[in-house]
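Below: one structure, written as structure tokens.
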Amino acid sequence: MKTNREIKNKSLLRFTTAGSVDDGKSTLIGRLLYDSKSIFEDQMDHIVESSKRLGKEGIDLSLLTDGLRAEREQGITIDVAYRYFATPARKFIIADTPGHIQYTRNMVTGASTADLAVILIDARKGVLEQTLRHSYIASLLDIRHIVFCINKMDMVNYSEEVFVNIRNDLGVLAGKLKIENVYYIPISAKLGDNVVEPSEKMEWYEGRTFLRFIETVEIEKTKNSSEPRLPVQTIIRPLSDEYHDYRGYAGRIAGGTFRKGDTVTVLPSMSRSRISGIDVMGKNLSEASAGDSVSITLEDQIDIGRGDLIVRDDKLPQSGQDISLMICWFNEKPLKAGGRYLVRLNTNEIECIVKTINYRMNIDSLERDYENITINMNDIANINIRTSKPFFFDAYRKNNITGSLIFIDPGTKKTVAAGMIQEQ
Amino acid sequence: MKINNEHLKELEDEAIFVMREVAAQFEKKVILFSGGKDSIVLVHLARKAFWPAKMPFSLMHIDTGHNFEETLTFRDNLAKELGVELIVRLVQDSIDQGRVSEETGINASRNKAQSVTLLDAIEDLKIDVAIGGGRRDEEKARAKERFFSHRNEFGQWDPKNQRPELWNIFNGHKNFGEHFRVFPISNWTELDVWQYIMSENIILPHLYYTHRRRIFQRNGVYLAWAPFMMTKPSEMVFEADVRCRTIGDITCTGVTLSKAESLEEIVSEIAATRVTERGGRYDDRRSEAAMEDRKKEGYF
């Protein structure tokens, strides 16, 4: 694996985009793809045709990302759309999420896999309620880099003063939310200023263009690096002549590094053993790290199944049945204290009861509401649950894989909430 | 040719994770196998995910009867080599049974009819998950697709009412009669697939490399000629050096004029191309929402 990675190299950056309706988010992405020559001729033909048919003036780049019929007809984005493009420096995966209030769940979804959040602001309107909401969600999901694109600068005469005022307001907001790395770029997505090419109209801006920024921003991929964790997905037992006794514990490493010879503990049984092998199709590795999908073999025969967690002996996670967490509620039916759900934390699934709803987050004021605690669709709340068996986990801020879970309604089988475990 | 390993490795790790989730969460599992490069890559990933054990999936081919001969040989050999069950279902049978009517006219294709055959097979064989090689970069309706895509008891996709998919947690719970389509290479682009094929030395049918073939041009797309295809008088059939960029039903698979003999040459060609691979797919050119409509009906 080492040698594999030494052949350098293009890295992968996953980012999410959020903005209010008509902030020009789809246009920004369209512009990015267009100016970086990632739009193909046949896609372009489609957009030109559709723009004409819908009676638009010029070419409407947002048609590139609005993929569903209803989206094009209504001129809105309904669901998270994933976009891909690459430059010589990086490969990008964009989770383009709608800006409507009722679609908060989409932003949470897009943000859950992102390294960076791009939040659009209309220069004419400045910081809105939805800006607070988007920034809060980015911080809630622990995205550590946020870039605010102050868009439609062409409609405020490319005024530096307008930009600086908005930047100051956003600075206050970012401070309140304790977001670590914040960046500001004045752009016009429609006309292309500071998207790929530096704007001639805003010589007062000396920073990077948007594309340059996403190509060069340094993202630590070390967020989940310290404590070794392997949630077991499935057991590999070939039972063939050649591999008769092979028993591999397959999973994707959720944190840290495992080395051959490491003493490990398997939860929940607390059995201990040593790693005898780390395999990836015939290749025997001496170590594997967060993000690697591997199959691990142990020196001793112990009973291990799906949902178990293999950890390094000296780095045990937290355990317990009473857990406090932040959730975002996705279901039409409100969350009820006393309600029973299935929770899935990585590969482990367990029943739980909602014990208490502690507060609802008022995202418009960023204040906790302890009075009105009916949790409706798209609300964010702090709750306590009790699980039917002891559970093993880390705080979300330490590890976003062993610290995140979803709620499943046992009746409808739908995913009804996303949860982030807090420091207990 | 330089391969960008870090991002390919991340995509591979993700796809293997998804494959293993499928193995753990479902009962009767198939890989939808068309003989095209994406399904061949899926098979390679499945092999890697469960090595040294056999993959816990059968291969299923929904056969329109309009095939490139080589694809079938390739399919049969691969299934034999892996030692996994090969399920073949014929669109012709669905037509004979009156489950679907054959399109007529010059642009007739069995592409759409495949959905009926596929859904019937899923019901008959009680398949609860079908793994497909669909990628989100292929087409705009696919950009909205989940890794674990829920289908109701009619096999339909409801794009406006999908389950949110967070982090790497995949909810495969379903009610009786419903099933899932799973797309492990959702996040790959066409170029990623080719670079991966090159870095892993994956064997492909020769159709992907340059070869002489009789072709004709229709609406700006070169199509391979076959005896059962109707041509207009104005459509001249001629021989040329071509390769397939995608392989599917002959009637709607465009070919590219190309002399690329090696994977290196193909990767350079793909990196420089200005037309998407589905730009050569006749089935997508029917209307703006062609793919969305087919997907709602249960298409791949």
May I ask you to say which residue of B:ILE185, B:ILE127 is away from chain A (no Cβ under 13 Å), aliphatic (A, V, I, L, M) and in a loop (DSSP other than H, G, I, E, B)? B:ILE127
Within segment A:360-400, residues among the aromatic types (Phe, Trp, Tyr) and surrounded by fewer than 18 Cβ atoms within 10 Å (Cβ to Cβ) come out as A:TYR370
Just to be sure before I move on: is A:THR374 within 13 Å of chain B (Cβ to nearest Cβ) and modelled with pLDDT under 95 in the structure I sent? no
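Test A:LEU298 against the criterion of being more than 14 Å from chain B (Cβ to nearest Cβ) and at pLDDT below 95, and give yes or no.
No.
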Do you know which residues across segment A:278-327 are over 13 Å from A:ALA250 (Cβ atoms), more than 26 Å from the chain's Cα centre (by Cα) and of a type in the set (Ser, Thr, Tyr)? A:SER286
Subset of segment B:152-178 [away from chain A (no Cβ under 12 Å) and either in contact with a Cys (Cβ under 6 Å, 6 or more places away or on another chain) or surrounded by fewer than 21 Cβ atoms within 10 Å (Cβ to Cβ) (or both)]: B:GLU153, B:PHE154, B:GLN156, B:GLY177
Of the conditions (1) buried (at least 21 other Cβ atoms within 10 Å of the Cβ); (2) more than 30 Å from A:ALA174 (Cβ to Cβ); (3) not assigned by TED's automatic domain parsing to the domain that holds A:ILE236, A:GLY338 fails just one. Which one is it? (1)
Set A:SER20, A:SER51, A:SER26: member being modelled with pLDDT of 70 or more, in the same structural domain as A:VAL127 (by TED's automatic domain parsing) and more than 25 Å from the chain's Cα centre (by Cα): A:SER51
Say whether the condition of being among the aliphatic types (A, V, I, L, M) and over 25 Å from A:TYR246 (Cβ atoms) is met by at least one residue in segment B:14-28. no
Tell me which of these A:ILE278 doesn't satisfy, since it passes every other one: (1) within 14 Å of another protein chain (Cβ to nearest Cβ); (2) assigned to a loop (DSSP other than H, G, I, E, B). (2)
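When only residues in segment A:230-262 that are more than 32 Å from the chain's Cα centre (by Cα) and more than 9 Å from every other protein chain (Cβ to nearest Cβ) count, which is farthest from A:TYR396 (Cα to Cα)?
Going through the qualifying residues, I end up with A:ASP241.
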Within the bounds of segment B:125-135, is there any residue that is at pLDDT below 85 and crowded, with 21+ Cβ neighbours inside 10 Å? no
Taking segment A:70-85 and the residues there that are modelled with pLDDT of 85 or more and at the interface with chain B (Cβ under 8 Å from one of its Cβ atoms), the one that is surrounded by the fewest Cβ atoms within 10 Å (Cβ to Cβ) would be A:TYR84
Run B:TRP51 past the list (1) surrounded by fewer than 21 Cβ atoms within 10 Å (Cβ to Cβ); (2) free of Cβ contacts under 8 Å to residues at least 40 places away in the same chain; (3) of a type in the set (Phe, Trp, Tyr) and report the number of the one that doesn't hold. (1)
Take the residues in segment A:154-213 that are over 30 Å from A:PRO88 (Cα atoms) and among the β-branched types (Val, Ile, Thr); name whichever of them is surrounded by the most Cβ atoms within 10 Å (Cβ to Cβ). A:ILE166
Scanning segment A:273-308 for residues that are in contact with a Leu (Cβ under 8 Å, 6 or more places away or on another chain) and surrounded by fewer than 19 Cβ atoms within 10 Å (Cβ to Cβ) gives A:ARG274, A:SER276
If you scan segment A:155-182, which residues turn out to be over 17 Å from A:ASP23 (Cβ atoms) and within 22 Å of the chain's Cα centre (by Cα)? A:ALA174, A:GLY175, A:LYS176, A:LEU177, A:LYS178, A:ILE179, A:GLU180, A:ASN181, A:VAL182
Would you kindly identify the helices (runs of 4 or more DSSP H) lying entirely within segment B:1-110 that contain at least 2 residues that are basic (Lys, Arg), within 11 Å of chain A (Cβ to nearest Cβ) and more than 16 Å from the chain's Cα centre (by Cα)? B:5-25, B:37-50
What are the residue pairs meeting all of these: first residue in segment A:330-346, first residue more than 12 Å from chain B (Cβ to nearest Cβ), second residue charged (D, E, K, R), Cβ atoms under 6 Å, and 6 or more apart or on different chains? none
Being out of contact with any Cys (no Cβ under 8 Å at 6 or more places or on another chain), more than 18 Å from B:LEU166 (Cβ to Cβ) and among the aliphatic types (A, V, I, L, M) narrows it down to one residue among A:ALA174, A:ALA95, A:ALA138; which is it? A:ALA174
So, A:SER269, is that one in a loop (DSSP other than H, G, I, E, B) and away from chain B (no Cβ under 14 Å) or not? yes
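Identify all residues within segment A:401-414 that are among the polar types (S, T, N, Q) and crowded, with 24+ Cβ neighbours inside 10 Å; write none if there are none.
Hits for segment A:401-414 are A:THR402, A:SER404.
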Filtering segment A:376-413 for residues that are over 20 Å from the mean Cα position of the chain (by Cα) and farther than 17 Å from A:TYR359 by Cβ leaves a count of 12
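Here is a yes/no grid of residues against (1) without any contact (Cβ under 8 Å) to a residue 60 or more places away in the chain; (2) closer than 21 Å to A:LYS413 by Cα:
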residue	(1), (2)
A:ILE350	yes, yes
A:VAL354	yes, yes
A:ASN358	yes, no
A:ILE363	no, no
A:ASP369	yes, no
A:THR374	yes, no
A:ASP379	yes, yes
A:PRO390	no, no
A:ARG397	no, no
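Residues are listed down the side, and each one gets a yes or a no for (1) in contact with a Lys or Arg (Cβ under 9 Å, 6 or more places away or on another chain); (2) among the acidic types (Asp, Glu); (3) in the same structural domain as A:ASP115 (by TED's automatic domain parsing):
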{"site": "A:ILE179", "(1), (2), (3)": "yes, no, yes"}
{"site": "A:ASN194", "(1), (2), (3)": "yes, no, yes"}
{"site": "A:GLU200", "(1), (2), (3)": "no, yes, yes"}
{"site": "A:ILE236", "(1), (2), (3)": "yes, no, no"}
{"site": "A:GLY256", "(1), (2), (3)": "yes, no, no"}
Does B:PHE228 fit the bill of being touching a residue at least 12 places away in the same chain (Cβ under 8 Å), more than 10 Å from every other protein chain (Cβ to nearest Cβ), more than 15 Å from the chain's Cα centre (by Cα) and not in a loop (DSSP other than H, G, I, E, B)? no
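The values are calculated or read from the model by the stated rules, or taken from the named source; none is laboratory data. Being a predicted model, the structure only gives us computed values, none of them experimental. Virtual Cβ from ideal backbone geometry, glycine too; neighbours counted across all protein chains shown.
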